[in-house]
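A.B. asks: The structure is given below, and queries will be raised subsequently.
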Ligand code: GTP
Ligand code: MG
């Protein structure tokens, strides 16, 4: 079982899409193991986007992600890192397919509503940046063998 860090970005919160975005992951059969509304600090944002440090859009990224509250979440599921990125859709909203979160709801890159970890290493770093170990709840759903 794999874990990933998913975050409704400030545009998703402001647009009232929290519930609909969370539904996409529940519909897919993933399990929510931690969730909170957070105002991201500048320091946290820089850790979160460490892989983009030095790129010309890095400061814009930090400004955007700290511009309002986000919903930080940890989800669990088989191959969830890759699968949840399919649910999210392509980074560039012009390429995001209908049926994906970005394809259905996002109209202007980089306001693309949702973040998902891109590797097990990123997932570990991103989860630790937002959650203490004891905040992650371990439980089984009886339906899991049917998914
Ligand atoms: P995240 O799940 O948000 O990490 O998106 P991603 O993994 O699909 O894309 P990536 O990690 O490459 O980029 C992180 C975020 O930076 C994207 O979601 C965009 O919001 C933004 N971004 C990426 N490339 C560019 C760019 O060329 N210009 C600008 N302004 N923003 C960018
Ligand atoms: Mg990324």
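Every read-out reported here was derived from the displayed coordinates using simple, explicitly stated rules and does not represent laboratory data. The shown structure was predicted, so the numbers you read here are calculated from the model rather than taken from an experiment. Cβ atoms come from the backbone with ideal geometry, glycine included; neighbour counts cover every protein chain shown.
A.B. asks: Say each of residue 78 and residue 141 gets a label point 7 Å from the Cα, pointing the same way as Cα to Cβ; how far apart are those two points in nm?
C.D. replies: 1.5 nm
A.B. asks: Next up: Which one, 56, 78, 11, has the greatest fluctuation when you compute a Gaussian network model over the chain with C-alpha springs under 10 angstrom?
C.D. replies: Result for the chain, Cα springs under 10 Å: 56 fluctuates most.
A.B. asks: Then there's this: Rounded if a/c is under 1.5, else prolate if a/b is larger than b/c, else oblate: which is segment 41-82, with a ≥ b ≥ c the root eigenvalues of its Cα gyration tensor?
C.D. replies: Details: a/c = 2.81, a/b = 1.60, b/c = 1.76.
Oblate, because a/c is 1.5 or more while a/b does not exceed b/c.
A.B. asks: Moving to a separate point now. Divide by every residue of the chain the summed helix terms, -39500 (n - 2.57) for each DSSP H run of at least 4, and state the resulting mean residue ellipticity at 222 nm, rounded to the nearest 500 deg cm²/dmol. Write down the numbers at each step before the final one.
C.D. replies: Numbers: 7 runs with 55 residues, N = 147.
Helix-only estimate at 222 nm: -10000 deg cm²/dmol.
A.B. asks: Can you give the convex hull volume of the alpha carbon atoms of the chain per residue, in Å³? Working shown, then result.
C.D. replies: On the way: hull volume 15.5 nm³, N = 147.
Dividing the Cα hull volume of the chain by its residue count gives 106 Å³.
A.B. asks: Roughly speaking, what is the stretch gain from residue 109 to residue 43, that is 0.36 nm per residue apart minus the C-alpha to C-alpha distance, in nm to one decimal?
C.D. replies: Values: separation 66, 0.36 × 66 = 23.76 nm, distance 2.36 nm.
Length gained, residue 109 through residue 43: 21.4 nm.
A.B. asks: GNM on the chain, C-alpha springs below 10 Å: top fluctuator among 42, 132, 26?
C.D. replies: 132
A.B. asks: Assuming R0 = 25 Å, what is the FRET efficiency of residue 119 and residue 95, from their Cβ-Cβ distance, to the nearest 0.05? Walk me through the intermediate numbers first.
C.D. replies: Working: r = 21 Å, r/R0 = 0.83.
Computed FRET efficiency for residue 119 and residue 95: 0.75.
A.B. asks: Additional query: Stokes-Einstein D for segment 78-121 at 10 °C, 1.306 mPa s, Kirkwood Rh over Cα pairs, in µm²/s?
C.D. replies: Numbers: Rh = 10.4 Å.
So the translational diffusion coefficient is about 153 µm²/s.
A.B. asks: Starting from the Cα of residue 27, step 7 Å along the direction of its Cβ; do the same at residue 15; then give the gap between the two resulting points in nm.
C.D. replies: 1.5 nm
A.B. asks: Could you please tell me the mean projected area of the C-alpha convex hull for segment 7-82, averaged over all directions and given in square nanometres to one decimal? Don't skip to the end; give the middle numbers.
C.D. replies: Details: hull surface 22.1 nm².
The orientation-averaged projected area of the Cα hull of segment 7-82 comes to 5.5 nm².
A.B. asks: Counting only C-alpha contacts under 8 Å and six or more residues apart, can you give the relative contact order of the chain as a whole percent?
C.D. replies: Reported relative contact order: 35 percent.
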